Amino acid sequence: DTGVSQNPRHKITKRGQNVTFRCDPISEHNRLYWYRQTLGQGPEFLTYFQNEAQLEKSRLLSDRFSAERPKGSFSTLEIQRTEQGDSAMYLCASSLEGAEGNQPQHFGDGTRLSIL
Amino acid sequence: GENVEQHPSTLSVQEGDSAVIKCTYSDSASNYFPWYKQELGKRPQLIIDIRSNVGEKKDQRIAVTLNKTAKHFSLHITETQPEDSAVYFCAGPSGGSYIPTFGRGTSLIVHP
């Protein structure tokens, strides 16, 4: 079990730039989630995929955010025209959903985004 | 409003004491209630979970209880150790969705 892998671990960029993060889930997991976490808060749901289909997006998710999972394996999260309020830890998680319903989520180490 | 409320936000105990963290939820859509532990600078890790067909589950020093009538579930840690110090998050149902909503977290500090 290689676990959930996220790259890069840290990203520092100037306001207005675009950034892209990558998540490689556990290989047999069919669900992939993106969360954002700020200091002192729990993970906040952004969006999730069932295989390659994006099934739900948080209504808090700005149209500057887009996510893809083109082949149902790795996923990318892009933020366009970054703002200082985008500074946060971006967490990816995966799970294997089946007939029993919700299953444990396995998190990656996250990508910490800092906007200058 | 907030769908999953977690209390307390901080909890300070002496080594060997018990610690209890409680979460309440308003939506009955889910049958799955996990607890995660997050050490400083690290990823959240599942420590225990419970499904709605049982009222209690134990794993060594950790237990989770679920009261579906009252819509709350609690994490119990007995014989606490300094390495239990971390932030603990519950996750519960939200708005009829199967996407878990995380509580705001409880910072547990175990003093040696």
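What's the total number of residues in the range B:70-90 that are touching an Asp or Glu at 6+ places or on another chain (Cβ under 9 Å), small (Gly, Ala, Ser) and part of a strand (DSSP E or B)?
Qualifying residue count, the range B:70-90: 1.
Return the residues of the range A:95-116 that are of a type in the set (Gly, Ala, Ser) and modelled with pLDDT of 95 or more; say none if nothing qualifies.
A:GLY108, A:GLY110, A:SER114, listed by residue number.
What number of residues within the range B:34-69 satisfy the criterion of being at pLDDT 90 or above and assigned to a strand (DSSP E or B)?
Step one: filter the range B:34-69 for residues at pLDDT 90 or above, giving B:34-40, B:42-50, B:56-67.
Cutting the leftovers down to assigned to a strand (DSSP E or B) gives us B:34-38, B:45-50, B:56-59, B:62-67.
Within the range B:34-69, residues that are at pLDDT 90 or above and assigned to a strand (DSSP E or B) number 21.
Any chance you could count how many residues in the range B:23-35 are free of Cβ contacts under 8 Å to residues at least 60 places away in the same chain, buried (at least 20 other Cβ atoms within 10 Å of the Cβ) and within 10 Å of chain A (Cβ to nearest Cβ)?
Matching residues across the range B:23-35 total 1.
Could you list, in sequence order, the residues of the range A:78-110 that are exposed (fewer than 14 other Cβ atoms within 10 Å of the Cβ), outside any strand (DSSP E or B), more than 14 Å from chain B (Cβ to nearest Cβ) and in contact with a strand residue (DSSP E or B) (Cβ under 9 Å, 6 or more places away or on another chain)?
A:GLU83, A:GLN84, A:GLY85
For the range A:77-98, state whether one or more residues are in contact with a Pro (Cβ under 7 Å, 6 or more places away or on another chain) and free of Cβ contacts under 8 Å to residues at least 40 places away in the same chain.
The answer is no, given that none of the residues of the range A:77-98 is in contact with a Pro (Cβ under 7 Å, 6 or more places away or on another chain) and free of Cβ contacts under 8 Å to residues at least 40 places away in the same chain.
If only one of A:SER75, A:SER114 is more than 14 Å from chain B (Cβ to nearest Cβ), out of contact with any helix residue (DSSP H, G or I) (no Cβ under 9 Å at 6 or more places or on another chain) and open to solvent by less than 30 Å² (accessible area, probe 1.4 Å), which one is it?
One residue alone meets the criteria, A:SER75.
Show the residue pairs meeting these rules: Cβ distance below 6 Å; 6+ apart or different chains; first residue within the range A:1-20 and more than 13 Å from chain B (Cβ to nearest Cβ) and in a strand (DSSP E or B); second residue of a type in the set (Gly, Ala, Ser) and loosely packed, with under 14 Cβ neighbours inside 10 Å.
Qualifying pairs under 6 Å: A:ILE12/A:SER114.
Taking the range A:1-55 as the region of interest, how many residues are of a type outside the set (Gly, Ala, Ser) and open to solvent by 40 Å² or more (accessible area, probe 1.4 Å)?
Qualifying residue count for the region: 26.
The values are calculated or read from the model by the stated rules, or taken from the named source; none is laboratory data. Because the structure is predicted, anything quoted here is derived from the model rather than measured. A quick note on method: Cβ atoms are made from the backbone with ideal geometry, for glycine too, and the neighbour counts reach across all protein chains shown. Just the protein is used for accessible areas: all its heavy atoms, side chains included, with ligands, DNA and RNA removed. Shrake-Rupley method; radii C 1.70, N 1.55, O 1.52, S 1.80 Å.
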